[in-house]
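Heads up, the thing below is written out as structure tokens.
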Amino acid sequence: MSQPKTNRFFIALAFAYLLASLCTTYFMIGFAQSYQQHKTKYTETLNFQERLLNAREWMFASEWEPKKAQAAATFKEAQADFLRAQRWGYLGAALAVIFIILVVVFFYRHPLFYQKLSFTFIVIALGCLATGIFAPMLEIEAFSQDLTIPLKTHVNLGITKVKVDLSKTFDGRMYFYYQNKSIVELIKLLFQKKSFLVGGAIVAFSVLIPLFKLLFSILLLSSGWVRHTTWVQQLVSSIGKWSMADVFVAAIFLAYLSFQHMNAGIDTESNLLWGAYFFLAYCVFSISSTYFINHSIKKELF
């Protein structure tokens with residue numbers, strides 16, 4: 001196969017992957033956000049303000065049954081959305097693997113194999129970055145299971161004292177805190193709360209630096225003038241060293257959120273969601289693309 005035909009074939013392959021990846025990303029983020037909405041509604045139904053501070057639930061045990069049924073139905077919808085988002089995420093990951101395999105199979109003996117592989121990793125990294133930014137990253141919740149409020153006292157009737165037990169057990173879960181945020185939502189929240197330093201750091205490390213890195217990588221591969229410009233090569237390599245710094249910044253902030261709301265006697269859970277995994281995948285593919293770019297420049301002498 002001649003080089004022009006080879007290039008057209010690779011462009012068609014990359015374009016087909018981008019379209020398929022765009023579809024999987026769209027549906028995955030849609031179901032992930034639907035899960036976020038249903039899970040938030042579920043926790044609001046079981047929020048302590050609706051239960052612990054609700055006089056009717058203190059007085060009437062039957063008050064719990066409608067809430068229990070409503071919460072169960074909402075949780076079922078949330079779980080269905082979670083599974084749908086998970087399936088689309090798996091499909092997106094499978095498409096990336098298939099794309100890499102096809103590039104290796106068709107271009108392994110091609111003189112510009114590492115160039116094609118570099119483009120492949122950059123395209124996949126771009127899709128992972130978009131998903132990692134817009135999909136929910138972390139879920140944090142604080143709750144009590146079967147919370148019991150002990151209210152025991154003695155009433156003096158003059159002749160004798162009567163022991164009165166007004167203790168109340170709230171069946172099921174009672175939520176005190178719940179957060180489910182993507183990087184974009186986290187940035188908005190920080191700026192709304194005027195935490196400009198932390199918000200700016202996450203914007204820089206999670207959005208700007210990754211985009212600049214991918215942009216300069218594409219220029220380095222597609223432009224002969226750029227390839228022979230030493231400072232561009234040094235810039236791409238330097239940015240590559242910061243590829244995990246955004247994860248470090250996000251991890252510190254999310255850990256801060258986890259421990260900030262931890263109280264004695266309250267159970268806490270934190271779960272990584274799709275955004276965290278795809279953002280980590282972006283970092284892996286971004287670092288790998290830097291290696292292949294440097295290798296292609298040295299071995300193939302662009």
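The values are calculated or read from the model by the stated rules, or taken from the named source; none is laboratory data. The model shown is predicted, which means the values in this text are computed figures rather than measured ones. A quick note on method: Cβ atoms are made from the backbone with ideal geometry, for glycine too, and the neighbour counts reach across all protein chains shown. Heavy atoms of the whole protein, side chains included, go into the accessibility calculation; ligands, DNA and RNA do not. Shrake-Rupley method; radii C 1.70, N 1.55, O 1.52, S 1.80 Å.
Full extension of the chain between LEU102 and VAL207 gives 34.9 nm of extra length, using 0.36 nm per residue less the Cα-Cα distance.
Would you please name the trypsin sites (Lys or Arg not before Pro) within region 60-116 that are DSSP coil residues with at most 16 other C-beta atoms within 10 Å of their C-beta?
Here the trypsin sites (Lys or Arg not before Pro) that fit, given the DSSP loop and packing criteria, are ARG109.
Under 17 Å from a point placed 7 Å out from the Cα of LYS168 along the Cα-to-Cβ direction: which residues of region 65-95 have their backbone N that close? Label zone hits: 65-68. The slack in the chain from ALA12 to LYS193, taken as 0.36 nm per residue of separation less the alpha-carbon distance, amounts to 60.6 nm.
Summing +1 for each Lys or Arg and -1 for each Asp or Glu among the other residues whose beta-carbon sits under 12 angstrom from that of TRP64 gives 0. Across region 183-191, rounded Karplus estimates of 3J(HN,Hα) from the backbone phi angles (6.51 cos²θ - 1.76 cosθ + 1.60, θ = phi - 60°) give 4, 4, 5, 5, 5, 4, 4, 5, 5 Hz, Gly and Pro being marked x. Across the accessible surface of region 22-137, with the other protein chains kept in place and a 1.4 Å probe, carbon and sulfur atoms take up 66 percent.
Cross-link check: pairs LYS67/LYS152; LYS41/LYS181; LYS68/LYS152; LYS67/LYS188; LYS41/LYS194 evaluated at a Cα-Cα cut-off of 21 Å; pairs beyond the cut-off: LYS67/LYS152; LYS68/LYS152; LYS67/LYS188; LYS41/LYS194. Straight-line cross-link reach from LYS213 at under 17 Å between alpha-carbon atoms covers these aspartates and glutamates, not counting any fewer than eight positions away in the same chain: ASP246.
Note on LYS116: aspartates and glutamates with a C-alpha under 13 Å away, same-chain residues under 8 apart excluded, are GLU300. Structural descriptor for region 32-114: relative contact order 38 percent, calculated from alpha carbon pairs under 8 angstrom and at least 6 residues apart.
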